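Written out below as structure tokens is the structure these notes cover.
Read the figures in this text as sums done on the coordinates, not as results from a lab. Please read these numbers as outputs of a predicted model, since none were measured by experiment.
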Amino acid sequence: MKISVVIPVNNEAATIADAVDNTRRVLADRDYEIVVVDDCSNDSTYDILKQRDNIKLIRHLENKGVGGRKGRRRSISNEKLAIGNSKVSSKQ
């Protein structure tokens, strides 16, 4: 079963590369996708993410807040993981 990891971000340039790399390491032996929802960051978060391979990147042009970032869950799997504020929670 494919796992979708949804990472909501806003101005996370300092931490997003590590978050993506750590997620890949944890799920290296699984079938997964990483979906990052950038909620109108005004730092270099979006530019950093554009350079990353094998992630789905969704960008809000207007800030939609935490609910908006978490609400844009575009995935193909039945199993999801959501990451926010450096914490991981699983939902099915």
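Taking H as built 1.01 Å from N, whose amide H comes closer than 5 Å to the amide H of SER44, not counting residues under 5 places away?
ALA13
Could you give each residue of region 50-61 its phi-based ³J(HN,Hα) in whole Hz, using Karplus coefficients 6.51, -1.76, 1.60 with θ = phi - 60°, and x for Gly or Pro?
4, 7, 7, 8, 6, 10, 8, 10, 10, 10, 8, 7
Can you tell me which aspartates and glutamates have their Cα less than 17 Å from the Cα of LYS50? Leave out same-chain residues fewer than eight positions away.
Within the straight-line limit of under 17 Å, LYS50 reaches these aspartates and glutamates: GLU12, ASP18, ASP21, GLU33, ASP38, ASP39.
Quick one: which residues, 5 or more positions from ILE34 or on another chain, have an amide H under 5 Å from its amide H? H modelled 1.01 Å from N in the peptide plane, none for Pro or chain starts.
Long-range HN contacts for ILE34: VAL5, LYS56.
Length gain on complete extension for the stretch ASP53 to ASN11, per 0.36 nm per residue less the alpha carbon to alpha carbon distance?
Difference between extended and current length: 13.1 nm.
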